[in-house]
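Contents: one structure, followed by commentary.
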Amino acid sequence: MDSRFTRGKSPVLERALGRPRSELSLAAFALLFSELVQYCQRRVASVAELQARLAQLGHHVGLRALDALVARERPGRRETKVLGVLLFVKGPLWRALFGREADKLEQANDDDRTFYVIEREPLVNTFVSVPRENSSLNCAAFAAGLLEAVLGASGFPARVSAHWHKGTTLMIKFDEAVIARDKSLEGR
Amino acid sequence: SRELFVLTYGALVAQLCKDYEKDEDVNTCLDRMGYDIGVRLIDDFLARSAVKKCRSYSETADMIAQVAFKTYLGVTPSVSCSSATGNEFSLILDKNPLVDFVEELPAERASLCYCNLLCGVIRGALEMVHLAAEVTFLQDRLKGDAVTEIGITFLRKPEDRKHKRN
């Protein structure tokens with residue numbers, strides 16, 4: 001840690017936060033993701049653990065993606081309302097990460113803590129084929145972990161899980177405190 | 001998108017570092033994963049670019065640098081030939097997108113080759129077109145060198161290739 005401060009400013013930190021100039025091919029990401037999944041698969045015993053591992057990796061990515069994206073897309077303003085942060089996720093965040101917006105954003109009828117982000121064909125599952133014995137495996141667990149980290153770091157702690165429903169659905173369940181705070185903000 | 005790719009790669013390396021104690025194990029693992037990716041990437045590459053058969057090693061190296069790197073990573077390294085027999089080439093990358101978000105290696109991981117995946121990818125891809133090669137890092141910007149340099153050493157002599165064609 002000490003050497004970092006004595007060496008002077010690192011050139012990486014001095015760089016401007018512009019958009020990346022070139023896009024990568026889908027194949028590169030798909031192959032890297034497949035290796036990732038295979039690596040996790042070799043080290044775990046059950047499907048649930050594999051999804052947990054993928055979620056953890058997605059978490060790692062989400063934390064780091066958030067700062068750069070928020071600074072670029074919403075400079076100077078932080079999202080304080082639940083609906084605001086969800087729309088940010090559906091639009092700019094998804095577009096920056098996956099190249100297109102998420103298909104739908106819905107709220108559960110009976111529970112105002114639960115929201116659904118629905119995608120017919122998520123990018124991470126493009127080249128993944130699931131064998132029958134692992135039929136509950138959904139590699140969107142990676143996206144779920146990513147979303148959970150983004151929401152958590154923006155001040156909206158939630159649990160996000162991936163399901164097979166109308167394509168792929170990420171179910172977001174906010175903590176009680178978040179909803180209570182949102183209601184009190186609206187009441188004002 | 002590029003950020004997602006770079007961050008995913010970072011998450012992968014971080015996970016590997018957590019799982020393995022020694023840097024050499026992490027490097028080996030990255031190399032092997034890169035190899036698996038490379039054998040599949042070559043199919044995609046040949047399908048997309050429809051290039052003609054390369055007649056010499058230097059053409060192959062040029063092809064890797066100018067076409068493949070551009071398609072998959074968006075950068076074009078420069079190629080230099082470093083041996084008289086024409087077997088050894090090095091690709092010099094002055095902008096490596098994989099380390100976009102990496103400042104430096106932590107002190108306890110001083111010998112980690114962060115981009116070892118790239119070496120494995122090149123090795124796997126070349127092997128699928130029947131060109132055995134050894135790919136290593138000669139210089140690495142993360143370790144304090146000026147640029148990142150990947151060295152490719154083709155293992156079989158040019159005379160062997162002529163025999164194969166007959």
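The values are calculated or read from the model by the stated rules, or taken from the named source; none is laboratory data. A quick note: this is a predicted structure, and the numbers were derived from the prediction, not measured. Cβ placement follows ideal geometry from the backbone for every residue including glycine, while neighbour counts extend to all protein chains displayed. SASA here: full protein model, heavy atoms, side chains in, ligands and nucleic acids out. Shrake-Rupley method; radii C 1.70, N 1.55, O 1.52, S 1.80 Å.
Over all residues in A:57-65, what is the mean tally of Cβ atoms on other chains that come within 10 Å of each residue's Cβ? Walk me through the numbers on the way to the answer.
Values: counts 7, 3, 1, 7, 11, 2, 2, 6, 7.
What the average comes to for A:57-65 is 5.
State the extension gain, in nm to one decimal, for the chain segment bounded by residue A:113 and residue A:95, taking 0.36 nm per residue of separation less the distance between their alpha-carbons. Present the calculation step by step, with values, prior to reporting the outcome.
On the way: separation 18, 0.36 × 18 = 6.48 nm, distance 2.46 nm.
That pair, residue A:113 and residue A:95, stretches by 4.0 nm at full extension.
Want the number for residue B:78 to residue B:32: 0.36 nm per residue separation, take away the alpha-carbon distance, what's left? Each step should come with its number before you reach the end.
Numbers: separation 46, 0.36 × 46 = 16.56 nm, distance 2.52 nm.
Here the answer is 14.0 nm.
Using a probe radius of 1.4 Å on protein heavy atoms only, what is the accessible area buried between chains A and B, both sides summed, to the nearest 100 Å²?
In total, chains A and B hide about 3500 Å² from solvent.
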